[in-house]
Amino acid sequence: MPRGILGDVPTPISTGLVVALDGPGSSGKSSVGAAAALRLGYRFCDTGLLYRAATWLALKRRVRVEGARADPATLVALVPEIELVPDENGRLAHVSVDGEDVTAEVHTPRVDEAVSAVSRVPELRAALLERQRSLAAEPGGIIMAGRDIGTVVLPDADLKIFLDASVEERARRRTEERDLIPDSQEARYILAQLRRRDELDSKRDVAPLRPAADAVHIVTDGNKFEETVDAVVTTIGSAEHAHAAPSPAATPR
């Protein structure tokens, strides 16, 4: 039997599972999920891009998203303008709004600060729910990353993974990604914003951030990027073999 990349897990056999990959902000869901999907020949969808795109567009159009004057109907009306566009490897990694590539714009600090409030709007979550499920239902394996994939969007996913790291580790990674000086004012702001978003996401009334009861929990503090990708790939490989194995009832006597 072929062996896995870590030497003790069978290699994936590409039966094409639906994988829910959840975790808090900057836990590595997007980059790790995309790299794992590339290795496995899976499609990849970062659902957070949908919420970031909605946030960016709401800010641009001056749509009220917080407080008593929030305008959910106008926010939901923005959704048809948002598309996720596949790259050359089939990963839904680009954001298009009204035909314009705004992938870079949706990752700005201004969007970081506002996206949690936008994500708490129940009407918006409902508007995006069926789009996410439709993507998962298309042929072929897919890794779908987000904060409520295993608990709300795809509760019947073939495999659920919760990717986690301490808030300090996640802040350090985001600081490095943005080429900021450690312990600078900007770096401290990132840490404060991640703590704030963790608090908001875990306590929101609609789809709070939490691991699914049957999720495989992977903590990545201290991991190199490739080590975390390895862990996700081998976890999916094991699940593929488990799904491919005949059930006891089907085993001939």
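The values are calculated or read from the model by the stated rules, or taken from the named source; none is laboratory data. Keep in mind that what you see is a predicted model, and the values were worked out from it rather than measured. Using ideal geometry, Cβ is built from the backbone for each residue, glycine included, and neighbour counts are taken over all protein chains shown. For the accessible areas, the whole protein counts, side chains as well, though only heavy atoms, and no ligand, DNA or RNA atoms are used. Shrake-Rupley method; radii C 1.70, N 1.55, O 1.52, S 1.80 Å.
Give the accessible surface of the chain per residue, rounded to a whole number of Å², with probe radius 1.4 Å and ligands, DNA and RNA excluded. Heavy-atom SASA per residue in the chain reads 50 Å². With the helix formula -39500 (n - 2.57) applied to DSSP H stretches of n ≥ 4, the chain reaches a computed 222 nm mean residue ellipticity of -14000 deg cm²/dmol.
About its Cα centre, the dipole of the range 146-253 is roughly 300 debye, where the only charges are +1 on Lys and Arg Cβ and -1 on Asp and Glu Cβ.
For the chain, carbon and sulfur atoms together expose 53% of the accessible surface, with a 1.4 angstrom probe and every protein chain in place.
Compute and list, largest first, the equivalent-ellipsoid semi-axes of the range 132-195 from the alpha carbon gyration tensor, each √(5λ) rounded to a whole angstrom.
Numbers: eigenvalues 218, 29, 18 Å².
Ellipsoid semi-axes (Å, largest first): 33, 12, 10.
Computing FRET efficiency as 1/(1 + (r/R0)^6) for V85 and R62, where r is the C-beta to C-beta distance and R0 is 35 Å, gives about 0.85.
P(r) tail, the chain: Cα-Cα pairs separated by more than 29 Å, 30% of all pairs.
Extension gain for the segment E227 to E177, taken as residue separation times 0.36 nm less the Cα-Cα distance, is 16.2 nm to one decimal.
Beyond 15 Å, what share of the Cα-Cα pairs of the range 25-70 remains, rounded to the nearest whole percent? List each step's numbers first, then the result.
Working: 608 of 1035 pairs.
It works out to 59 percent of all Cα pairs.
Can you grab the distance from the C-alpha centre of the range 45-120 to the C-alpha centre of the range 180-251, Å, no decimals? Spelled out, the Cα-based centre of one part sits 22 Å from the other. Highest mobility in the GNM of the chain, judged by mean-square fluctuation with C-alpha springs under 10 Å and restricted to G33, G150, G48, is found for G48.
For the range 72-126, which GluC sites (Glu not before Pro) are both in a DSSP coil and crowded by at most 12 other Cβ atoms within 10 Å? Kindly include the intermediate steps, with their values, before the conclusion.
Details: sites: E81, E83, E88, E100, E105, E113, E123; in loops: E88.
The qualifying sites are E88.
Quick check on packing: order 164-171, 23-30, 138-145 by the mean number of other C-beta atoms within 10 Å, highest mean leading. Before the final figure, lay out each step's value.
On the way: 164-171: 18.5, 23-30: 24.0, 138-145: 20.1.
Highest to lowest by the protection proxy: 23-30, 138-145, 164-171.
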